[in-house]
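Contents: one structure, followed by commentary.
Just so it is clear, none of the values below were taken in a lab; they were calculated from the coordinates. Just so it is clear, the model here is predicted, and its values are computed rather than measured. We place every Cβ from the backbone using ideal geometry, glycine too, and count neighbours over all the protein chains shown.
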Amino acid sequence: MALLEVKGLEVKFPMRHGELTALRDVSFSLDKGERLGIVGESGAGKSVAAFAILNLIGRPGYISNGEIIFEGSDLAKMNARQIRSIRGNRINMIFQDPMMTLNPVLTIGTQMIECLQTHMNLNREQARERSIEKLRQVQIPSPEDRIDQYPHELSGGMRQRVVIAIALLTDPSVIIADEPTTALDVTIQAEIMELLLSLCEDNDVALMLITHDLGVVSQVTQRTIVMYAGRVVEEGPTRRIVENARHPYTHGLIDALPERTAPGMRLNQIPGVMPSLAAIPTGCSFNPRCEHVMDVCRSEQPGYVTDGEFRVACHWVAGREQQK
Amino acid sequence: MIAFLVRRFGQALVVMFVISLISFSIQDNLGDPLREMVGQSVSEAERQALRDEMGLNDPFLVQYWRFLKKAVRGDLGDSYFFKKPALDVILEKFPATMELVIGATLIILFLSIPIGVYCAINPRSWFTKLMMGMSIVGISIPVFLTAIMLIYLFSIGLGWLPSFGRGETTMIGFWETGFLTRDGLLHLILPSIALSSIMLPLFIRLIRSEMMEVLEQDYIRFAWAKGLSRTRIWFLHALKNTLLPVITVGGVQIGTMIAYTILTETVFQWPGMGFLFLEAVNRVDTPLIIAYLIVVGVIFVITNTLVDLIYGLVNPTVRLAGGQA
Amino acid sequence: MTRYWRLFKDSTLLYSFGRDKVAMASFSVLLLLVVLSFSSPLIAPFDPYDPAGIDIMDSDIPPSWQEEGDPRFTLGTDAQGRDMLSTMLYGTRISITIGLFAVLLQSVLGILLGLAAGYFGGRIDSFLMRLADIQLSFSTLMVAIVVLAVFQASFGTELYNDLAIFMLILVIGIAEWPQYARTVRASVLAEKKKEYVDAVRVIGLGSRRIMLRHILPNTLSPILVISTVQVANAIMSEAALSFLGLGMPVNKPSLGSLINSGFEYILSGSWWITAFPAIVLVILVLVINLLGDWLRDVLNPKLYKN
Amino acid sequence: MTDMSEPYSQATGELLKIRGLSKAFPLTKGFLEQLHFEGGRLVRRRESVKAINGVDLDVKRGEALCVVGESGCGKSTVARVVMGLLEPTAGSIQYDGERIDNLPPERLLPYRRKMQMIFQNPYASLNPRLTVKQTLEEPMRFHNPGIGNGELKDKVRDVMDSVGVDPSWRDRFPHEFSGGQRQRISIARALMVDPEFIVADEPISALDVSIQAQVLNLMMDAMEQRALTYMFITHDLSVVEHFGTRVAVMYLGSLCELAPTRTLFETPRHPYTKALISAIPKLTQGRPGHIKLIGEVPTPINLPAGCFFHNRCVYADDRCKVEKPVLHTVDGGCRVACHGVQEGRVD
C-alpha cells in the first residue's frame, strides 16, 4: 500500500472570465522512502500539485475533485485542524528560494522551536536541543550560535540548510521539495541536493522532488512524472524515462538539453511555447508543438497507455503499441 | 549606535537651526517691539535712540546671534499679551495638548491594529467591506468637520458630553492633568475622537494593505506549511512584518497629528498649545509664536528619535550601529 | 495615434471603469460638481461677490422648505444675507481651483525634483530626500499654518485677503512637493534598474532623451494615482486653513471659510450655514478619494515605501 | 550546420582587449555610517564591493567567448563595463585597437553601432510602452538620422523575419508576447544596427528549457549569417560546453582559468573549475559525484589575502594564503591562475 496516493486531482482557479483548470486528472503515488521526481516547465502545474497535497493552494484556487490519501485518510476532505496536524509534521515542505522562505524578523531558533512545540510535546529546552541537533545534521557550523541568529545573517546555502533542518525536525514521512536548489549557485546546488538525498535515505523519508531540471531528477529520483499544461503526460522509472522517453514532449525536452548534441551543433528544439491555462487546445494539449501530430490528437484528449510501471498519454504512442 | 546618535543629533541641530531662523525672521518682520513697549506717543528721534539701545539697528547676524544665545538659555522673550515669559506660557499648556494626543493615540492603536488585521485576513467579509467603506468616508471628512459634527450630535443634540474646555483638572507637580477626574475624562472623549478621526481610517487601510502584502510572502506560506496555528501565523509571523512600514508612516504622521491639534483645540476651545498658538497668531504675539514653534520642533526631534529606536527594535536587519547590516 | 487609442481602449483601466459602479458614480458626481461650480456665474441665482445685491435684512434665513424659509433662497442665507446656494457654487469653484492649481504646482516641482533625484542619484538625491523627509515630518498643514500666519500678520488682513487665493495655491503647492518627489523618485529608481533602460543606453541615447521618452512614461501610473489623491488632500488643506481663518476671506469664501463663518451660529440653531457647505466639501473630497482608490487598485503601482 | 569547435581558422586577431580591468562599487552610505569605533578610537572606513579585480581578457574576432561563474563573481559587471554602462575603476578596454573606456559619449557613438547587448530578463528588457516597431526603429533612427521610412520599414521586417517573429505583429506591445518571443525581439533590437560584436548577459537563464534551445539556436544562426563575435555571460556550464569556443572562468572578480572549450571540459586545471564542472547535473543515473568545496564564498567587500579561492580549496597551502596567483600558460593552450597547478601540486 502506497504511503501517499493522489487520485484524479483537479484544481481550479476562479478568474474574471470563468474558471481556469490548473490541474486535470493528476494521479500518482509515493511509497515509503521512495524518491519521486515531478518534472515540467513553468506553468505545467507541478508546484500547484505540490501545494494541493497539503491543501495550501493560494486563494482563490481550490481542489475541485480528487482524493489525496495519506496513511489511510483523505487530506482533501480534512478540516483545518486535522490538516494542520499533518502539515509540518508528517508531510513537510522545502521551498524554492531560501532568501524568501524564512521570516526575516524571527530568529532561526524561534522558527524551529515553534514547529516542535506545535507538533510534539516538548518543552522549550528540549525543543531547542533537538533544533540544534538537526542544525548539526545539516552540517551548519556552530549551531549553538547560529540558532540565535536572524536569517539575514546567513548565506543562501546556509538558509536552505536551515529550511531542510526545519523540514526534518518532526521526523516526517514525506518531504515535498519545490525546486529546492534552483535559486542557488551551481556548486551549492550540488551540495544541498546531496545533503537532501542522504538525509532522506538515512531517515527513510519519502521525497517528492519538483524541478524543471532533468539532470537533477535523473541523479536523485527513482521514479519520474512529466507534467504538461496541468496534466501528467508520462510516468515511469527515472532511468527508463531518461533513456527511452515515450511521449514526444518528454523526448523533446530531453533532446533539447545541450549535452544531447555534439558541441557546436544546433540544439534540438521543440517549436512553439506551452499554452497558457486559459487557452489550452482541444484534444492533446501538446498537439500544436508535436512532430507526430495526427488528426485524432486535435480532437480527442489521449488516455493513458500503461505498460507495467510505465504510463503515457499519447495517441501516437498508443497507435504504435497497437501495431506491435 | 554612535553613528545613530551622531546622526540624530545632527538632524536635531538642522531642524532647530531652521526653526530658529524662521523664528528669528518672524521676530524681525512681525510687529514692532517698540510699539508694544512705548505706544504711539514717543517721537521718532527717541524711537531711534531706543532702537540703538536695544540693538535693533545692529546687523542681521549680530541680532540673530543674540537671539540664539538667549534662546539657548530658554529666554524667548515675554509674551506681549500675557506679560510673562513666552516659554512658560506655552509649557503651561503643554499637558493639555499632550493628553489630547495620548487619548487620540490610544484610540488609534487599539482600534486600527485589530480592525486592520481583521480586514486583511477576511477580505471578503461584510465587516471588511463596511470598514473599508467607512474608512474612505472617514478620510474624506476634515478633522474640524468631525469635531463640529460630534459637538452638534453629542453635546447640542443628545447632551451627553461636554463640548468645550478640559473640565475639572488636578495638578501633579507642574503637570495639569484631566485623567484623574471623571469630568476631565468626559471632556477628553469628543476631542480625542475628533483628533483620531482621520488617522484611524488611514492606519486601518495602511495596516490592511501591508498585511495583505505580507500574507502573500513565501515565508507566510512556509509557516502554513509548517502546520502552525492561525493565531501564531497572523499575530506573530505576519503582524511583526506588517508593523515595520506602519511604524515608519507613524513617524511621519506625528507632524500631521500636531497640526490637527490646532484644529481640534480650536473647535473644542481646548486650552492647549494649539489653541494658544492660534490666538497668538491673531494677536501677533510674536514671542509666543516663536516659543510654540520651538516646542513643536523639540517634540518632532524627540518623537522621530523614538520612532527610529522602535523600528530598530522590531527589525533585526537594521542595526542602529549602521555597520554590518 | 490610433495605436495609443487602441492601447487605451484595450487597457484594464477602461475595462475596469466600465465594470466598477463606484468608480462610474464617483466620476459622474465629480463631473457634475465641476461643471456646476465652474458655470456658477451663469446658473447661480445671486452674485455673492456683489455687495449691492446683498441685503443684510435677508440674513440667517433657513432653507426654503422650513417654516421661516424664503422661496427666493432655496438653501437659506448666511449671516451676511448671502444666498447659500450661490455662495456655495462660487465657493466650490474656489476650492476646486485651489486644489487643481496647488496640485499642478506640486506635480511640476515634485516631478522635476523627483526625476533629478532618481536619475542622477548621489549627492543631489540624498540632499533632496533628506530635505523631503524633514519637510514631510513637519506635515503640510503645519508648514502652511505657520507660513500663512506669518504672511497674514506681516501683510495686514486687507492685502492678505486679496492675495489669499495665490498664497494658498503657493503654500499648499510648495509644502506638498515631497509626496510627489518621493513617489517619482521611487518609480524612477525602479524603472532605471530595468534592462530596457540599459538597452537604450547601449544604443547611445542621451540621458535627457532616456528620461523623457523611456523612463517618464513608465512612471505615469503612480503619478496619476498620487495626483488624484493629492487634489483631495489639497482641497482638505485649503478647507482647514480657511477654517482657521488663514485662508479665503469671508467676502470671497471657499467651502472651508463658509463652514468657519457658520460655525459661530451653529449653537444658535443656524445649522444650514455649516451643514450645506460641509456636505458639498465631504462629497467632493470623497468622490476624488474613491476615484484615487479605484485607480490605485487598477494600476497597482508600488508607491513609495521606505 | 557549422562546427564551432574550430574557431581559430576564422579568428583574425583580437577584437576586444581588456587589460587590468577593475570595478569597485562604493557602498553608498552617509559619512556617519562610515565611522566606526576601533580600539577605542573613532575611525572612518570606506567600504566598497570589489566586483572585478584586475581582469585581463581578449575576445578574438569571430569567436564566442563564454564567461562563466557563480552569482557575484563579477561576470555581469565585466559585460556592463565593456558596453560602457559602467565606468571601470581601473584598467583599459580596447576595441579593434582603439581605447574606448575613456571616450566621451559622442566619440563612443561609432562603437555603439558595432557593439550591442542582449539582456537576461525578457520581461524587463523591452520598454512596455513602446510597440515592437518603435523599439526596433529607435536604434536605427538614432544612428541613421536621414534614413527613409520605407527603408526603415524594410529593415524592421527583415530583422523580425530573421529572428522568427512574424513582422505583421510589429504594432503589438511587449506584454502581448511570451518570454521566448520577447527575447527574440530583444535580439532583433541588437541586430538592427548590424553590429559585429554582441555581449549577451545570461540571455537564456530566465527561459524554460524548451525555449532555451530555440533562443540558443537563433543566436548561433545569427552568428553564422552575420559573422558576429559573442561575449556570452552565463552561469550554466552545460550551455557553455555547447556554445562557446573559449571559456573564461571567474571567481570573486578574478579570472581562474581561460581555455578552449573542449580543453576546459576534458582537462579542467583550476580546482574551482573542476568543482564547477563536476557539479553540473547530467542525465546519469546515480548519485551526484561532485567535488565538495569547503567553507563559504567570502564577501566581495572584504576579499581574502592571497588566492581568493584559498579558503575553499583543499590544495591550499601557505603560499596560497598570502600571494595572489596570476594567469600563466600551461600546455593545451589554457591559462590558469593557481599556484598549485604551477607547482604541480594539483594535477
A correct Karplus calculation of ³J(HN,Hα) over segment A:191-196, with 6.51 cos²θ - 1.76 cosθ + 1.60, θ = phi - 60°, whole Hz and x for Gly and Pro, returns 5, 5, 5, 5, 4, 4
For chain A the mean separation of alpha carbon contacts under 8 Å (6+ apart) over residue count, i.e. relative contact order in percent, is 20
Those helices of chain B passing the 30 Å axial Cα length cut-off and the mean Kyte-Doolittle cut-off of 0.5 (DSSP H runs only) are B:2-29, B:86-121, B:239-268, B:286-314
Surrounding charge for D:Lys17, neighbours by C-beta under 13 angstrom, Lys/Arg +1, Asp/Glu -1, total -2
Diffing segment A:244-255: the Karplus 3J(HN,Hα) column from phi (6.51, -1.76, 1.60, θ = phi - 60°), in whole Hz with x for Gly and Pro, holds 8, 5, 9, 5, x, 5, 4, 4, x, 4, 5, 5
The local net charge around C:Gln80, scoring Lys/Arg +1 and Asp/Glu -1 for residues other than C:Gln80 whose Cβ lies under 11 Å from its Cβ, equals -4
Here FRET efficiency (C-beta to C-beta, D:Ser48 to B:Ile302, R₀ 41 Å, nearest 0.05) is 0.70
Length-normalised contact order of chain C, Cα under 8 Å, at least 6 apart, in percent, tallies to 22
Net charge (Lys, Arg +1; Asp, Glu -1) of residues whose beta-carbon lies under 14 Å from that of A:Ala22, A:Ala22 excluded, is +2
Between A:Asp307 and residues 5 or more places away or on another chain, the pairs with built amide H atoms under 5 Å apart involve none
Using alpha-carbon positions, the gyration tensor of chain C gives root eigenvalues a ≥ b ≥ c; with a/c under 1.5 called rounded, otherwise prolate if a/b exceeds b/c, else oblate, the class is prolate
In chain B, taking the dipole from +1 charges on Lys and Arg beta carbons and -1 charges on Asp and Glu beta carbons about the Cα centre, the listed residue (B:Val89, B:Val307, B:Ile151) farthest towards the positive end is B:Val307
Rounded to 0.05, the calculated FRET efficiency for the beta carbons of A:Gln126 and D:Ser205 at R₀ = 35 Å is 0.20
Treating only Lys and Arg (+1) and Asp and Glu (-1) as charged, each at its beta carbon, one finds that segment B:71-205 has a dipole about its Cα centre, in Debye to the nearest 20, of 520
If one builds a Gaussian network model of chain A from Cα atoms under 10 Å apart, the most fluctuating residue listed among A:Thr282, A:Thr181, A:Thr238 is A:Thr282
Once both label points are put 7 Å beyond Cα along the C-beta direction, the B:Lys240-C:Thr74 separation in nm becomes 6.0
Of all trypsin sites (Lys or Arg not before Pro) in segment B:100-206, the ones in DSSP coil with at most 15 other Cβ atoms within 10 Å are B:Arg124
Here the percent of antiparallel bridges among DSSP beta bridges lying wholly in the protein assembly as shown, to the nearest 5, is 65
To the nearest 10 degrees, the tilt of helix C:157-175 (Cα long axis) against the first principal axis of the alpha carbons of chain C is 30
Given a Förster distance of 60 Å, the FRET efficiency implied by the Cβ-Cβ spacing of A:Asn244 and D:Glu343, rounded to the nearest 0.05, works out to 0.80
Rounded to the nearest 10, the angle in degrees between the Cα long axis of helix A:108-119 and the longest principal axis of the Cα atoms of chain A comes to 80
Place a point 7 Å from the Cα of C:Leu36 in the direction of its beta carbon; the residues of segment C:91-106 whose amide N falls under 13 Å from it are C:91-93
Under 5 Å from the placed amide H of D:Ile118, counting only residues 5+ away or on other chains, we find D:Val199, D:Ala200, D:Asp201
Of the residues B:Phe275, B:Thr177, B:Tyr260, the Cα lying farthest along the dipole of segment B:90-282 towards its positive end, which is defined by charges on the beta carbon of Lys, Arg, Asp and Glu, belongs to B:Tyr260
With the 8 Å Cα cutoff and a minimum separation of six or more residues, segment C:115-189 has a relative contact order in percent of 54
Rounded to the nearest 10, the angle in degrees between the Cα long axis of helix D:105-114 and the longest principal axis of the Cα atoms of chain D comes to 80
About its Cα centre, segment D:285-347 carries a charge dipole, from +1 on Lys and Arg Cβ atoms and -1 on Asp and Glu Cβ atoms, whose size in debye to the nearest 20 is 200
Among D:Leu109, D:Thr77, D:Tyr95, the residue whose Cα sits farthest towards the positive end of the charge dipole of segment D:46-191, when +1 is placed on the Cβ of each Lys and Arg and -1 on the Cβ of each Asp and Glu, is D:Leu109
To the nearest 20 debye, the protein assembly as shown has a Cα-centred charge dipole, built from +1 on Lys and Arg Cβ and -1 on Asp and Glu Cβ, of 1820
If amide H atoms are modeled at 1.01 Å from N in the peptide plane, then the residues at a separation of 5 or more from A:Ile94, or on another chain, having amide H under 5 Å from its own are A:Ile176, A:Ala177, A:Asp178
Placing each pseudo-label 7 Å from Cα in the direction of the beta carbon, A:Arg136 and D:Ser92 end up separated by a distance in nanometres of 5.9
Per its Cα gyration tensor (rounded if a/c is under 1.5, else prolate when a/b beats b/c, else oblate), segment C:96-243 is best filed as prolate
The simple spin-label model distance between C:Leu104 and C:Ser207, using points 7 Å out along Cα→Cβ, in nm, is 3.0
